[in-house]
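Enquirer: Next up is a structure, given as structure tokens.
The values are calculated or read from the model by the stated rules, or taken from the named source; none is laboratory data. What you see is a predicted model; the values in this text were computed from it and never measured. Neighbour counts run over all protein chains shown; Cβ positions are idealised from the backbone, glycine included.
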Amino acid sequence: MPNQSHASATDEQHHQPSAQPNHRLPQVEQLLQQAFLAPHIADLSRPLVTQAVRETLSELRQSEAFRQHGVDPARLEALIGKRCQRLVRQRQTRLINATGTLVHTNLGRSPLNAELWDEVRELNTGYNNLELDLATGKRGGRKGLIAPLLASLTQAEDSLVVNNNAASLFLLLQEIAKGREVIVSRGEQIQIGGGFRIPDILALSGATLVEVGTTNITTAKDYLDAITDQTALVLMVHRSNFAIRGFTESPDIGEVARALPDHIVLAVDQGSGLTTEGFAPDETSVRQYLKAGADLVCYSGDKLLGGPQCGIIGGRADLIKRLEKHPMMRTFRPSRIVYSLLERLLIHKLNKSPTGEGIAQRTLSDPAAMQEKAERLMAALPGCFAQVPAQLVVGGGTLPDEFYPAPALVCLDPRPAQQLLDALRELPVPVIATVRQQQVLLNMASLLEEDMSVLVSQLNMLSKPAECSENTTEIPRTSHPLSIPREAP
Ligand SMILES: *Cc1c(COP(=O)(O)O)cnc(C)c1O
């Protein structure tokens, strides 16, 4: 190696190759040349690895153990390797969702259909007509066919797309209600996920909140009685991550719409983006809200719709035009990656092609596939699991009250549940499981087909101590924790 430092050349002459503990630490540059760091550099970039090396060396120098005994090269390698490994775990990493929550906000929400992704590849790796009207050669809008496609899917006269549904809400409050009053039910002043509260966003948008009704009951009359000459907007918000049961009443939106003066806008934050999916008959779809008289309905693109992260506002064309002209619109507009994925998704959805189905639709339309996955795993790893009935939830702030049956596998592993849960999460392709009654559960509902083979090989790996990986095929039962035979009943 041309760049090998002088020091290391002389080291080699003076020391045995079976490196001795050393009080002289190698130079950073010299370490960076070594083969064991090459994969870390590829994973993390040279500057991040350099920093990890520096930090390891500096910690070592300050340690008492090093002052007394020095460090041997193998130990030094291990320390640097460990630090790099910790960084690698912070990268965005594919993982296996065994939680049974299909649209999991912490796990990336809707997994995109792979065919959809492939279809937009060239559109994104080359130039495209994002803002060029090909008919005239002049500057065009960004929406492509998205608005007419959504008109067909939801009956929205016009639609626009922003970065997420929180942005939809903020934009519509800003444009329509800034400096004026917004009427919201007390039962709908909710917090959606981390730090996103309807009253806060309302205050930030410069609108004044007028609360009506009570937590469990709000009627059409409550809304109508609260109208003043300052009222700009009635906002109804879907209760997306909780349900209120028992003695409750929500107003008939049609009744509010009919009685509302023309100049007051009726907007609904529908949230989930339910359109034509058949599995949630009790849930109100975007189309139903518009049909009932909502002027605007906003929803997320990456929940039930199954598309990329975005927010969509659909409804009256004159209002959508106003929103699009808002000076802040530019800060909310998504990239062409989002537009292209959404456009293709909607085409597939309208053609009823499986590529247009969100993960919830795909999973719930084929329950047998979940059972089949359970059986395949049990056959591949005999004695490792027991099947138990469990449930899936759609999640991500949708259908808070709906649970669907789904099979799960209990891991028959003697380790304490938390320890096994951690071990699963620390696998090369992390597996995210849940614990129920001190047992680790792999829920089949959220496993993807492409997860199956990697899951099997990893579970095999997990059950074998690292030392056995060279040539041992026979592993003593006690150190094979995932293959404890099922208890005889
Ligand atoms: C999910 C949700 C939001 C937030 O949407 P994001 O796309 O996460 O910004 C807002 N309102 C409701 C009712 C929701 O369900």
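Enquirer: Test of understanding: among Phe403, Phe332, which residue is aromatic (Phe, Trp, Tyr), in contact (Cβ under 8 Å) with a residue 12 or more places away in the chain and crowded, with 17+ Cβ neighbours inside 10 Å?
Expert: Phe332
Enquirer: Any residue in region 89-107 that is among the basic types (Lys, Arg) sitting within a Cβ distance under 9 Å of a residue that is at pLDDT below 95 and away from the ligand (no atom under 14 Å from the Cβ)? List the pairs, counting only those 6 or more apart or interchain.
Expert: Between residues of region 89-107 that are among the basic types (Lys, Arg) and residues that are at pLDDT below 95 and away from the ligand (no atom under 14 Å from the Cβ), the close pairs are Arg89/Glu426.
Enquirer: Can you find even one residue in region 96-108 that is in contact with a Phe, Trp or Tyr (Cβ under 8 Å, 6 or more places away or on another chain) and either at positive phi or of a type in the set (D, E, K, R) (or both)? Full working, then the answer.
Expert: The first filter runs over region 96-108 and keeps only residues in contact with a Phe, Trp or Tyr (Cβ under 8 Å, 6 or more places away or on another chain), leaving none.
Scanning region 96-108, I find no residue that is in contact with a Phe, Trp or Tyr (Cβ under 8 Å, 6 or more places away or on another chain) and either at positive phi or of a type in the set (D, E, K, R) (or both), so the answer is no.
Enquirer: Tally time: how many residues in region 271-324 are more than 28 Å from Val120 (Cα to Cα) and among the basic types (Lys, Arg)?
Expert: 3
Enquirer: Hey, another quick one. If you check every pair at least six apart or on different chains, which have Cβ atoms under 8 Å apart with a residue in region 177-196 that is over 19 Å from Ser272 (Cβ atoms) and in a loop (DSSP other than H, G, I, E, B) first and a residue that is at pLDDT 95 or above and among the hydroxyl-bearing types (Ser, Thr, Tyr) second?
Expert: Arg180/Thr231
Enquirer: Further, regarding this structure: For region 280-297, which residues satisfy the criterion of being in a helix (DSSP H, G or I) and within 14 Å of the ligand (Cβ to nearest atom)? Walk me through it before giving the result.
Expert: As a first pass, look at region 280-297 and keep what is in a helix (DSSP H, G or I): 286-292.
Passing the criteria: Val286, Tyr289.
Enquirer: May I pose another question? Does Ser446 meet the test of being among the polar types (S, T, N, Q), surrounded by 13 or more Cβ atoms within 10 Å (Cβ to Cβ) and either at pLDDT 95 or above or part of a loop (DSSP other than H, G, I, E, B) (or both)?
Expert: On the way: among the polar types (S, T, N, Q): yes; surrounded by 13 or more Cβ atoms within 10 Å (Cβ to Cβ): yes; either at pLDDT 95 or above or part of a loop (DSSP other than H, G, I, E, B) (or both): yes.
So Ser446 passes the test.
Enquirer: More than 13 Å from the ligand (Cβ to nearest atom) and either within 22 Å of Thr105 (Cα to Cα) or modelled with pLDDT of 95 or more (or both): does that describe Ala257?
Expert: no
Enquirer: Return the pairs, sorted by first residue and then second, in which the second residue is in a loop (DSSP other than H, G, I, E, B) and within 16 Å of the ligand (Cβ to nearest atom), the first residue lies in region 257-273 and is over 7 Å from Tyr299 (Cα atoms), the beta carbons are less than 7 Å apart, and the residues are 6+ apart or on different chains.
Expert: Ala257/Ala294; Leu266/Ala294; Ala267/Ala294; Val268/Ala294
Okay, residues lined up against (1) touching a Phe, Trp or Tyr at 6+ places or on another chain (Cβ under 8 Å); (2) of a type outside the set (A, V, I, L, M, F, W, C); (3) over 26 Å from Ala177 (Cβ atoms):
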| position | (1), (2), (3) |
| --- | --- |
| Val268 | yes, no, no |
| Ala280 | no, no, yes |
| Lys291 | no, yes, no |
| Asp295 | no, yes, no |
| Gly315 | no, yes, no |
| Ile320 | no, no, no |
| Ile337 | no, no, yes |
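Enquirer: Now a separate question. In region 109-122, is there at least one residue being part of a loop (DSSP other than H, G, I, E, B), at pLDDT 95 or above, farther than 30 Å from Met370 by Cβ and more than 16 Å from the ligand (Cβ to nearest atom)?
Expert: Within region 109-122 (the criterion being part of a loop (DSSP other than H, G, I, E, B), at pLDDT 95 or above, farther than 30 Å from Met370 by Cβ and more than 16 Å from the ligand (Cβ to nearest atom)), the answer is no, since none of the residues qualifies.
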